[in-house]
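Here's the structure, in structure tokens; my notes come after.
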Amino acid sequence: MSVFQSVERAAKERGLTFVVIGGLAVIEHGYSRLTTDFDILVQRVQKESWHSLVLALGYELIHEAQVFSQYAARQGPNWPIDLMFVNEATFERITAEAKPKTIGGAVLQLVSLEHLIALKLHALKHSNLRRFLKDFEDVMHLVQLNKIDLRSPTIRDLFLKYGNADLYEKVLYACEHE
């Protein structure tokens, strides 16, 4: 059974919901790149329930911060699991636009393209250089592959709300000059 199936089943048994984000979501939205972890978005109020679920699947906590926790498998080649915590209102907005997608034999809720870009923009504002380069490349390729019009007011507003004007200008420049 894949890690995706294990998480899907365990979450369903416990009445927990989640949305796939991160590298898997980037891949599912058209940009094929390497990813080695399973990033999921969950409600902050369910943090302890998720911690218990991931431990029960044979993982150990390796890093914890206010907005995310990272887990590694105690044994075997299972993918690491990263949990990102958001408030209930944010989670509801994101799940309302998420769509079911079969990944690794499990039917999972996949973050919408717009919300994925918003999450990436937020990360770009707060990341170190190594992380910045990876997320910047993700945004640039998602925009190009999905033929997003960066000059549309809606997309510009998205960049300004979750990123900033500098990020908008850099992505616009990169997409127009690649």
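Only the coordinates and a few stated rules stand behind these numbers; no lab work does. The structure displayed is predicted, hence computed values, not measured ones. We place every Cβ from the backbone using ideal geometry, glycine too, and count neighbours over all the protein chains shown.
So, R0 is 22 Å and r is the distance between the beta-carbons of residue 60 and residue 36; what FRET efficiency does that work out to, to 0.05?
Details: r = 17 Å, r/R0 = 0.77.
Taking R0 as 22 Å, the efficiency between residue 60 and residue 36 is 0.85.
Taking a straight Cα-Cα cut-off under 29 Å and skipping sequence neighbours fewer than 8 places away in the same chain, the lysines within cross-link reach of residue 47 are 12, 99, 101, 120, 125, 134, 161. Other residues lying with their Cβ under 15 Å from the Cβ of residue 165 contribute a combined charge of +2, Lys and Arg counting +1, Asp and Glu -1. Net charge near residue 87: determine it from the other residues with C-beta under 15 Å of the C-beta of residue 87, scoring Lys and Arg +1 and Asp and Glu -1. So the environment of residue 87 carries a net charge of +1.
Using Cβ point charges alone (K and R +1, D and E -1), the dipole size of the chain about the Cα centre works out to roughly 120 debye. In degrees between 0 and 90, to the nearest 10, how far off the longest principal axis of the chain does helix 88-97 point, with axes built from Cα atoms? Here the helix axis deviates by roughly 70 degrees.
For the chain, the longest principal axis of the alpha carbon atoms and the long axis of helix 113-125 meet at an angle near 80°. Quick one: check the C-alpha center-to-center distance for region 120-165 versus region 54-79, whole angstrom. Here the two parts' Cα centres lie 28 Å apart.
Relative to the longest principal axis of the Cα atoms of the chain, the long axis of helix 165-176 makes an angle of roughly 80 degrees.
Only one of the listed values, (1) 9.6; (2) 10.2; (3) 10.8, was derived from the coordinates as mean projected area of the Cα convex hull in nm²; which label is it? Computed from these coordinates, mean projected area of the Cα convex hull in nm² corresponds to label (2). Each label point was placed 7 Å from the Cα along the Cα-to-Cβ direction; for residue 131 and residue 147 their separation is 3.4 nm. Here each label is just a point 7 Å from Cα along the line to Cβ, and for residue 9 and residue 92 those points are 3.3 nm apart.
A helix-only calculation puts the chain at -15500 deg cm²/dmol for mean residue ellipticity at 222 nm, using -39500 (n - 2.57) for each DSSP H run of at least four residues, averaged over all residues.
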